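Remarks on the structure that follows.
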Amino acid sequence: MERRTFLNLSGLAFGSMLVPVFGRAIAAEEMQSSMPVAAKKMLADTALNAATKAGASYCDVRIGRYLNQYVITRDLNVENVVNTESAGIGVRVLCNGAYGFAATNDISPDGVAGAARQAVAIAKANAKLQTEPVQLAPVKGVGEVSWSTPVIKDWRSVPIKDKADMLITANKAGMDGGANFMTSMLFQVHQSKYFASTDGSYIDQDVQRLWAPVTATAIDKASGKFRSRSGLSAPVGMGYEYFDARPEHKIKAAGGVATLYTKSYDIVEDARAAGRDAKHKLTAKSVTPGKYDLMLSPENIWLTIHESVGHPTELDRVLGYEANYAGTSFATLDKWQSKKFNYGSPLVNIVADKTTPGSLGYVGYDDEGVKTKRWDIIKDGILVSYQATRDQAHIIGKTESDGCSYADSWSNVQFQRMPNVSLQAGQKKLTPDEMVKDIKKGIYIVGDGSFSIDQQRYNFQFGGQLFYEINNGKIGQMLEDVAYQSNTQDFWNACSALCDDRDWRMGGSFFDGKGQPSQVSIVSHGASTARFNGINVINTARKIG
């Protein structure tokens, strides 16, 4: 499911859709239980032994229990509360140089052994059609280890009433701020993932994630005109303590103060600001198309990073093995091999990682048992690497996987998925208030909006939530109907300034779609406020008559 599709779904419809997609409905108190690690190891060994006896040269086993809780509200009412559970085992093997995969929700010795034998049978059938054998980069077994998301307050221990009260309080604040309608939702994820392989790894991981999207809508009843503003929070990989702290970033703007958030989130104050901003947008000036210097907040540029850097540097897209969800990639191997392809200006340094605490991609090991790490994708503006899994690493001369293989369920096979991909902060001391002083004609854009990008991830258009004109170094009145257009290489080469790490923070996607059959993953993208010179801005207003 693409993020923009998801955001257009109503809370009630989405809530009712979750049960068949994500598992069976369960009571909230059932979420606290867990399977003993010894029992997981016994089942994993049963599958490993069955696969090798059937002829597999390699086998990995993933035992998963995926818990989700969704609280959905509109105005002063709770629309839906959904608790779901999905549990089972997936077995992937190599036999005769080909992959095989099978999964079952029969978590018994006979069930897992049967899945292992089925995976081997599938691999043997695949081998008859495969032109060259799969090559796996080596991984040293780590023995029995465990890892969990650092959590102060487990969301499963917080009463649903408290969560609903928080959302209703936020909705009321938004309506007090000027909104006619408010929606707020709370998405909570807990994944218990046990990985074992014939390499000698037994890895037990517990992962928690949260997201609390808010949307305020204001209406001019005389004209029927309406405008919305979504929340400026980011989905995170942390516990319920995310809602306990205070906002950390503010910037002055005409009509009020935009409050931006990082590792903590005051949902009530963001909802209040959303209501105020939505009402203010009703009287905002429509933008005059033309060339502008853009000042993009991290809450906006994370999505541009995701679409124009994250996806086109996925190696399977580069090689043409993957073309679902908006195509392959313009960043072909010849560009990387040249060692001089200017993806962006010398200020642009973009790294991939799955090691940043609080991020959505933060885990200890990926779904191939590879310890996660951080590596350069773009260095001083030059394309220097891609994202590679165990079976891709040899194609670009790597001796190890980048640790970015992921499956969204025990029932799906793992494959290359985007890690966190982030723009590094500027090296020179610079704040947003200082950056704006040098801009004569520009637009300051806060928050992510609609977007469009072509099949090679090259030509694109992005919107936002809030737009302010910049005249002679000062942020002025609010604008609307703004979208910026460019191509990936021109855009990143237009990057002329970056705020320092005091301003750096992460945005992200809870529902990043890829593959066929489709899988969704979760990923964060960090940045500081960035300036891009001479970018084309269009007016998106529809003219009737």
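The values are calculated or read from the model by the stated rules, or taken from the named source; none is laboratory data. No experiment lies behind these values; they were computed from the predicted model shown. Cβ: placed from backbone, ideal geometry, glycine included. Neighbour counts: every protein chain shown. Surface accessibility is based on the protein's heavy atoms, side chains included, excluding ligands, DNA and RNA. Shrake-Rupley method; radii C 1.70, N 1.55, O 1.52, S 1.80 Å.
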Note to self: Please give the charge dipole size of region 279-330, origin at the Cα centre, charges +1 on K and R Cβ atoms and -1 on D and E Cβ atoms. Round to the nearest 20 debye.
What the structure shows: 500
Notebook entry, point to check: If the cut-off is 12 Å between C-alpha atoms, which aspartates and glutamates fall inside it for Lys371, apart from same-chain ones fewer than 8 positions away?
Noted result: Asp353, Glu400, Asp402
Margin query: From the mean inverse distance of alpha carbon pairs (Kirkwood) and the Cα radius of gyration, derive Rg over Rh for the chain.
Written below: 0.98
Margin query: Give the lysines reachable from Lys335 as a straight Cα distance under 16 Å; neighbours fewer than 8 places away on the same chain don't count.
Written below: Lys379
Margin query: With +1 assigned to the C-beta of every Lys and Arg and -1 to the C-beta of every Asp and Glu, and no other charges, what is the dipole magnitude of the chain about the Cα centre in debye, to the nearest 20?
Written below: 960
Checklist line | Formal net charge of residues neighbouring Tyr58 (Cβ-Cβ distance under 9 Å; K, R +1; D, E -1) | finding: -1
Next item on the list: Mind putting together the pair-distance distribution for region 394-545? All Cα pairs, 10 Å bins, whole percent per bin, short to long.
Entry: 9, 29, 34, 18, 8, 1, 0
Notebook entry, point to check: Hey, what's the per residue convex hull volume over the C-alpha atoms of region 166-243, in cubic angstrom?
Noted result: 105
Check: Which value in Å does the Kirkwood hydrodynamic radius of region 349-458 take, with 1/r averaged over all unlike C-alpha pairs and then inverted?
Finding: 16.7
Margin query: Looking at the chain, identify the longest residue range that excludes and avoids all GluC sites (Glu not before Pro) in DSSP loops having at most 15 other Cβ atoms within 10 Å.
Written below: 1-247
Notebook entry, point to check: By how many degrees, 0 to 90 and rounded to 10, does the Cα axis of helix 37-53 deviate from the longest principal axis of the chain?
Noted result: 60
Check: With labels modelled as points extended 7 Å from the Cα through the Cβ direction, what inter-label distance (nm, one decimal) is found for Ser146 paired with Ala25?
Finding: 3.3
Item checked: Percent carbon-and-sulfur accessible area, the chain, ignoring ligands, DNA and RNA, probe 1.4 Å -> 51
Notebook entry, point to check: Any idea what angle helix 11-22 forms with the longest principal axis of the chain, computed on alpha-carbon atoms, 0 to 90 degrees, nearest 10?
Noted result: 20
Margin query: Can you return the aspartates and glutamates within cross-link range of Lys153? Criterion is Cα-Cα under 19 Å, with same-chain partners fewer than 8 residues away left out.
Written below: Glu29, Glu30, Asp162, Asp165, Asp206, Glu241, Asp244, Asp266
Check: Based on the alpha-carbon gyration tensor of region 444-503 and its eigenvalue square roots a ≥ b ≥ c, which shape applies: rounded if a/c is under 1.5, prolate if not and a/b is larger than b/c, or oblate?
Finding: oblate
Checklist line | Size of electric dipole in region 44-137: Cβ of Lys, Arg +1 and of Asp, Glu -1, about Cα centre, debye, nearest 20 | finding: 380
Next item on the list: Apply the Karplus parameterisation 6.51 cos²θ - 1.76 cosθ + 1.60, with θ equal to phi minus 60°, to every residue of region 94-103 and state each ³J(HN,Hα) to the nearest whole Hz, in sequence, with x for glycine and proline.
Entry: 10, 8, 6, x, 10, 7, x, 9, 8, 9
Notebook entry, point to check: Once both axes come from the Cα atoms, what is the angle between helix 160-177 and the longest principal axis of the chain, in degrees from 0 to 90, rounded to 10?
Noted result: 20
Note to self: I'd like to know which of Val78, Tyr99, Val61 lies farthest towards the positive end of the charge dipole of region 59-185, counting +1 on Cβ of Lys and Arg and -1 on Cβ of Asp and Glu.
What the structure shows: Tyr99
Check: For Gln135 and Glu400 in one chain, what is 0.36 nm times their gap in residues minus the Cα-Cα distance, to one decimal in nm?
Finding: 94.3 nm
Notebook entry, point to check: How much area per residue is accessible in the chain when the probe is 1.4 Å and only protein heavy atoms are counted (Å²)?
Noted result: 39
Note to self: Given R₀ = 30 Å, what would the calculated FRET efficiency be for Asp45 paired with Ile160, taking r from the Cβ atoms and rounding to 0.05?
What the structure shows: 0.20
Check: On full extension of the chain, what length is gained from Thr540 through Leu319, given 0.36 nm per residue of separation minus the C-alpha to C-alpha distance?
Finding: 76.1 nm
Margin query: Charges on Cβ only, +1 for Lys and Arg, -1 for Asp and Glu, centred on the Cα centroid of the chain; of Val446, Gly143, Ala113, which one is farthest towards the dipole's positive end?
Written below: Val446
Note to self: Contact order normalised by length for the chain, with contacts defined as Cα pairs under 8 Å and 6 or more residues apart; what percent is it?
What the structure shows: 15
Margin query: Can you give me the distance in nm between label points at Lys429 and Gln337, each placed 7 Å from the Cα along the Cα-to-Cβ direction?
Written below: 4.7
Notebook entry, point to check: How do the peptides 413-424, 441-452 rank, highest first, by the average count of neighbouring beta carbon atoms within 10 Å per residue?
Noted result: 413-424, 441-452
Item checked: Rounded Å value of the spacing that divides the Cα centres of region 110-172 and region 26-56 -> 12
Next item on the list: Report the FRET efficiency, 1/(1 + (r/R0)^6), for Asp106 and Leu76, where r is their Cβ-Cβ distance and R0 is 56 Å, rounded to 0.05.
Entry: 0.80
Next item on the list: Given a cut-off of 32 Å, name the pairs among Lys40/Lys354; Lys53/Lys128; Lys124/Lys398; Lys373/Lys437 whose C-alpha atoms lie farther apart than that in the structure shown.
Entry: Lys373/Lys437
Note to self: I need the trypsin sites (Lys or Arg not before Pro) found in region 119-217, filtered to DSSP loop residues with at most 15 other beta carbons within 10 Å of theirs.
What the structure shows: Lys128, Lys140, Lys153
Checklist line | Listed residue (Leu360, Thr332, Tyr343) projecting farthest to the positive dipole end of region 313-362, Cβ model | finding: Tyr343
